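Only one structure is covered here, and it is reproduced in the block below.
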Amino acid sequence: MKEILDRVHVVLVEPKGPGNIGSVVRAMKNMGLSRLRLVNPVPFRDEAEQKKMGYRSQEIIEAAREFPTLSDALQGISQVYLATAKSGKWKRDFLSPERAAAQIAASAPGEKIALVFGREDKGVNTDESQLANYFIRIPMAGTYPSLNLSQAVMVVVYELFKAVQAEGHGPVLPRMAEKRAFERITDNIWELMKGLEVREPENGLFHRSLKRALSRTRWTAADVAVFDRFCKQVRWYTETRCRAKKEE
């Protein structure tokens, strides 16, 4: 159980209050998680409110890592689960916390996983959401389905704790390639499309659809390497053979 929980990183995107961060680390501590990454957070390490809400959880705070962007915070990560209450064109096929936890429990040994939670007031933007492989929605009643940040974290990590505690949770899934590899292949394909004079702006419909399509795959590092080679071959052909034919 500890081996799986040690591979899960809780990622908070621009948390607004030190008290919320303290409450999050307390929830993590209670459920056996210890790895915290924060994207552009408010000052929190020595704040009294954080220490009060994160009582006896300061070792998580001390080891927490800070990053300027969500993309940077996902370095070394291969599976990204984004908890969100909002649906939209780029947010579909939601998992329940229970189903997401079961998938994580069945992940390959050594595979690093991120549980991402957005800003308290507005969640994540479109570009950030496209970094996710899966979306988690917590079922709620009422006309305003929204939870406090630490409440949302507790629900998800509680389901994860239950899943990894259960015996015989299912077959181990193949280890996915890291997010950096998917970003690289996305950039390679987009550069090829620009070389083919695609009539599409940066971050237009095709570019965003490409990012989303690749995020939804379960490619291994070997799978990504195949497409890296394909892009390299096409680039070589267009830059040498096609140019030579034009000069004849």
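Please treat every number below as a calculation from the coordinates, not as lab data. These figures come from a predicted structure and were not determined experimentally. Reconstructed Cβ throughout: ideal geometry from the backbone, glycine too, with neighbour counts over all protein chains shown.
Evaluate the relative contact order of the chain (contact order divided by residue number), counting alpha-carbon pairs under 8 angstrom at least 6 apart; express in whole percent.
Values: 389 pairs, mean separation 54.2, N = 248.
Dividing the mean separation by the residue count of the chain yields 22 percent.
What does the extension gain come out to for Leu173 and Ala106, with contour length at 0.36 nm per residue minus their alpha carbon separation?
On the way: separation 67, 0.36 × 67 = 24.12 nm, distance 0.60 nm.
Extra length available between Leu173 and Ala106 comes to 23.5 nm.
Can you show me the helix-derived [θ] at 222 nm for the chain, built from DSSP H runs with n ≥ 4 at -39,500 (n - 2.57) apiece and divided by the number of residues, rounded to the nearest 500.
On the way: 11 runs with 118 residues, N = 248.
Rounded to the nearest 500, the figure is -14500 deg cm²/dmol.
Would you mind calculating the relative contact order of the stretch 99-209 from Cα pairs under 8 angstrom and at least 6 residues apart, reporting the percent as a whole number? Present the calculation step by step, with values, prior to reporting the outcome.
Numbers: 48 pairs, mean separation 48.5, N = 111.
Dividing the mean separation by the residue count of the stretch 99-209 yields 44 percent.
Relative to the present Cα-Cα distance, how much length would full extension add between Asp121 and Asn148 at 0.36 nm per residue of separation? Before the final figure, lay out each step's value.
Working: separation 27, 0.36 × 27 = 9.72 nm, distance 0.98 nm.
Between Asp121 and Asn148, full extension yields 8.7 nm more.
Run through the stretch 36-130 and list the trypsin sites (Lys or Arg not before Pro) located in a DSSP loop whose Cβ has at most 16 other Cβ atoms within 10 Å. Please report the intermediate quantities before stating the final value.
Details: sites: Arg37, Arg45, Lys51, Lys52, Arg56, Arg65, Lys86, Lys89, Lys91, Arg92, Arg99, Lys112, Arg119, Lys122; in loops: Arg45, Arg56, Lys86, Lys89, Arg92, Lys112, Lys122.
Answer by residue number: Arg45, Arg56, Lys86, Lys89, Arg92, Lys122.
Mind checking which of Met176, Met193, Met31 has the largest fluctuation in a GNM of the chain, springs on alpha carbons under 10 Å?
Looking only at Met176, Met193, Met31, the largest GNM fluctuation is found for Met193.
In the set (1) 18.0; (2) 14.1; (3) 15.3, which value of mean projected area of the Cα convex hull in nm² was calculated from the structure you see?
It is the value labelled (3).
Under a GNM of the chain (C-alpha, springs under 10 Å), which listed residue has the highest mean-square fluctuation: Asn40, Asn125, Asn133?
Result: Asn125 has the largest fluctuation of those listed.
Want the number for Gln165 to Thr69: 0.36 nm per residue separation, take away the alpha-carbon distance, what's left? All intermediate terms of the calculation are to be shown ahead of the outcome.
Values: separation 96, 0.36 × 96 = 34.56 nm, distance 3.27 nm.
That works out to 31.3 nm of additional length.
With the chain treated as a Gaussian network of Cα nodes joined by springs under 10 Å, which of Ala222, Ala105, Ala163 yields the largest mean-square fluctuation?
Between Ala222, Ala105, Ala163, it is Ala222 that shows the largest mean-square fluctuation.
Could you please report the charge total around Gly195, scoring K, R as +1 and D, E as -1 over all other residues with beta-carbon less than 10 angstrom from its beta-carbon?
-1
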